[in-house]
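The values are calculated or read from the model by the stated rules, or taken from the named source; none is laboratory data. Not measured: the values here are computed from a predicted model. Backbone-built Cβ (ideal geometry, glycine too); neighbour counts: all protein chains shown.
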Amino acid sequence: MAILISGRGSNMKTILQKVKEKKLRVEVVLVFSDKSDAPGLALAQEFGVKTATFSPKSEGGPELYEQKLAALLKEEGAQWVICAGYMRILGKTMLSSFKHRIINIHPSLLPAFPGLKAQRQAIEYGVRVSGCTVHFVDEGVDTGPIIAQRCVAVEPGDSEESLSRKIIREEHDLYWRAIQMAVQGVVFDGRRVEFNVRSS
Ligand code: GRF
């Protein structure tokens, strides 16, 4: 797998930890960031994982950037792409290069609150339950088939920050398990995802 990040990389860190502990049985061949100052890059290096960084700006625009990214991931042997706080929408080149092989985590119970600042959207809407969703990436924004979800209670007095803390705890516990389930084999039944192997 390759992991794509843009920032602190706390989900990436948990994934690398689980791989190191051999609880998640995959190989991470590359961590890529579109931001050269992403703190997650140094973290990945601490785990001994190869890293790379470039941006649409450095590569002459989004098209060329994505072509270079897809080529690099293939060259490194990645079969799956894991987005972990990667803040760009993936385009046709990436989607066709890794069809049904790109996974993302989003901090809400999709289809509620897609896009940016999902935790703030949940607080402002006044929902009493929110959570996180691991899903396949398709052409839309946070619209792909759902692999797994976890919910958390939104208590009176919760803020965007306190809700974010509750959700990220669940993200860390959910993401690696959902990846393990997905790489063991999935079947798409319309938009629903069925697993070949049940999670333990
Ligand atoms: C997470 O909340 C994730 O759901 C969203 O971006 C955030 C990334 O956090 N896609 P981190 O970089 O993994 O700490």
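Observations on the model:
- Lone qualifier among Leu174, Leu116 - being part of a loop (DSSP other than H, G, I, E, B), closer than 22 Å to Ser6 by Cβ, modelled with pLDDT of 95 or more and within 14 Å of the ligand (Cβ to nearest atom): Leu116
- The listed residue being out of contact with any His (no Cβ under 9 Å at 6 or more places or on another chain) and touching a residue at least 12 places away in the same chain (Cβ under 8 Å), out of Val134, Val186, Val154: Val154
- Tabulated pairs, the stretch 85-100, first closer than 21 Å to Met181 by Cα and within 16 Å of the ligand (Cβ to nearest atom), second assigned to a loop (DSSP other than H, G, I, E, B) and among the small types (Gly, Ala, Ser), C-beta under 6 angstrom, 6+ apart or interchain: Gly85/Ser6; Gly85/Gly7
- So Val19, is it hydrophobic (A, V, I, L, M, F, W, C) and more than 12 Å from the ligand (Cβ to nearest atom): yes
- Some residue of the stretch 52-64 being assigned to a helix (DSSP H, G or I) and touching a residue at least 24 places away in the same chain (Cβ under 8 Å): yes
- Any hit, the stretch 87-99, residues being within 18 Å of Lys13 (Cβ to Cβ), in a strand (DSSP E or B) and hydrophobic (A, V, I, L, M, F, W, C): no
- Residue list for the stretch 34-48, restricted to those being touching a residue at least 40 places away in the same chain (Cβ under 8 Å) and within 25 Å of Gln180 (Cβ to Cβ): Gly40, Ala44
- One residue alone among Ile3, Ile82 is within 18 Å of Glu171 (Cβ to Cβ) and either in contact with a Cys (Cβ under 9 Å, 6 or more places away or on another chain) or more than 16 Å from the ligand (Cβ to nearest atom) (or both), and that residue is Ile3.
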